[in-house]
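Here's the structure, in structure tokens; my notes come after.
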Amino acid sequence: MTEKDFLCLTPFLIIATAPVVIMIVISLLRNYKVVFGFSVLSLLAAFSSIFFILPSVPHTIEPLFIIDVYSLFFLGIIIISALLVTLLSYDYIKQLEGVREEYYIVLFTSTLGAALLAVANHFVLFFLGIETLSISLYILIAFQRSKSNSIEAGIKYLILASVSSAFLLFGMALIYTAFGTMQFGAIVAALGTGGQLSSLVISGFGMMMVGIGFKLALVPFHMWTPDVYQGAPAPVSAFVATVSKGAVMAILIRFFFNLRGFDNHYLFIAISGIAILSMFVGNILAIRQKNIKRLLGYSSIANMGYLIIILLTGSNRGIQASIFYLISYFFTTIGAFGVITLLSTNEYEAEKIEDFKGLFWKRPWIAIVFTLSLLSLAGIPVTAGFIAKFYVIFEGMKAGLMVLIISMIINSVIGLYYYLRIITTLFSTASDTKLPELSLSGNITLAIVGISILILGVYPGWLIDIIVRYVSL
């Protein structure tokens with residue numbers, strides 16, 4: 001490896017070193033505040049290092065890594081989201097009984113797995129990244145060992161994620177058997193000269209679609225989502241909904257566009273069907289929910305349905321729209337789960353809709369951020385979510401995907417109903433429930449999220465210009 005190789009791997013080296021340092025600190029002296037502070041500084045250092053390696057990209061470390069502006073954008077989104085989840089976790093994890101510092105070790109390993117997916121150029125790194133992410137999530141989801149629903153959620157995710165990994169690995173094996181290579185570029189080249197696809201290749205890609213569908217919670221592979229979101233600690237649910245899915249989308253977009261999957265009639269039909277089903281199933285089932293974490297779980301299914309429309313546009317502008325959509329979705333989702341996190345205690349998780357009754361009259365600042373997050377998820381103007389949906393609709397219409405776009409518009413109207421139902425609860429007559437005090441880190445996180453949702457909703461041009469200028473595949 002050269003000096004340039006090591007320079008380009010700096011963010012990964014920081015993220016990989018941090019849990020080792022935390023383990024050494026824990027073995028000498030358990031100090032929750034020190035571990036938390038070190039975690040925040042490490043993630044800030046990893047994010048800052050991205051700017052130092054920008055002049056060196058695009059750069060390929062054969063055969064596994066491809067480090068370009070596209071992957072660095074996703075890497076930055078992943079690290080910032082992990083940082084916001086870390087800030088939200090401070091009070092929530094501090095009040096838990098027993099071991100607490102280990103939470104940040106596993107948070108770093110899961111972030112490392114997600115980061116590896118953003119730069120993967122080979123099936124080996126693809127599988128290594130997704131398993132590092134998934135195995136860490138098993139632990140994070142079941143971290144509250146004293147709560148039965150947390151253990152149940154961990155076991156459900158363990159079983160279903162293991163099954164999805166088996167499908168993914170088997171699919172990779174079939175493709176390797178057909179082409180004799182596991183590098184994305186070599187597979188694309190082989191497909192370009194191979195003529196008609198063999199049944200082996202079709203089976204391989206089909207099994208990989210099943211595995212990726214589980215990871216993204218797309219219908220009909222979505223069954224685990226509401227139970228896991230409900231049972232996991234609130235900040236972990238935010239992590240699963242953002243970092244985990246964003247990392248898988250990063251590699252899916254790269255692989256799918258390199259393969260020109262949008263030109264294949266059967267893939268086009270399959271992904272269109274999955275997108276429409278995900279939108280309708282996610283939104284219709286969300287209407288019935290009284291638990292906000294389950295509601296947000298179904299909402300995330302619908303949002304992934306909106307997002308995979310981008311796969312069928314076949315243009316760089318579609319890729320750019322997906323990045324903007326993910327950025328707005330990450331801030332919005334972290335804001336919604338952040339409010340749940342800050343209002344929850346060790347004894348009681350604030351997850352039912354009635355728990356937020358009259359929140360505006362008790363904690364107006366939190367209620368405003370929660371309202372902004374929900375309005376953004378609904379795609380209401382002056383929020384980031386509106387611009388993101390408009391961007392996707394615009395690119396989808398340019399690509400002639402009218403059936404998908406009409407389905408997206410219909411489902412956005414359906415989603416508006418259950419988001420507004422929560423918002424009206426926030427401004428109703430206050431209940432007598434006593435709410436916990438907010439920490440400094442919690443206030444900072446909500447401030448970042450709320451301001452970001454408004455800035456990207458009112459003045460998104462600067463970010464869109466950056467994405468359009470620099471990001472392409």
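Taken together, the values in this text are just the output of simple stated rules run on the coordinates, not laboratory data. This one's a predicted model, so the numbers in the text were calculated from it and none came from an experiment.
Listed values, structure above:
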{"item": "For the stretch 8-259: lysine pairs under 27 Å (alpha-carbon distance), excluding those fewer than 8 apart on one chain", "result": "11"}
{"item": "At least 20 Å along the helix axis (C-alpha) and Kyte average at least 1.6, DSSP helices within the chain", "result": "10-28, 32-53, 69-94, 123-141, 199-216, 265-287, 364-378, 402-426, 440-458"}
{"item": "Value of relative contact order over the stretch 34-164, rounded to a whole percent, pairs C-alpha under 8 Å and six or more apart", "result": "22"}
{"item": "Partners for LYS357 among lysines (Cα-Cα distance below 22 Å; same-chain residues under 8 apart left out)", "result": "LYS290, LYS293, LYS434"}
{"item": "Equivalent ellipsoid semi-axes - Cα gyration tensor, the stretch 8-259, angstrom", "result": "33, 23, 13"}
{"item": "Hydrodynamic radius (Kirkwood) for the stretch 1-112, which is based on Cα pairs only, to one decimal in Å", "result": "14.9"}
{"item": "Per residue, the convex hull volume that the Cα atoms of the stretch 173-285 enclose (Å³)", "result": "109"}
{"item": "Length-normalised contact order of the chain in % [C-alpha pairs under 8 Å, at least 6 apart]", "result": "15"}
{"item": "Where the Cα pairs of the chain fall when distances are cut into 20 Å bins, in %", "result": "25, 60, 14, 0"}
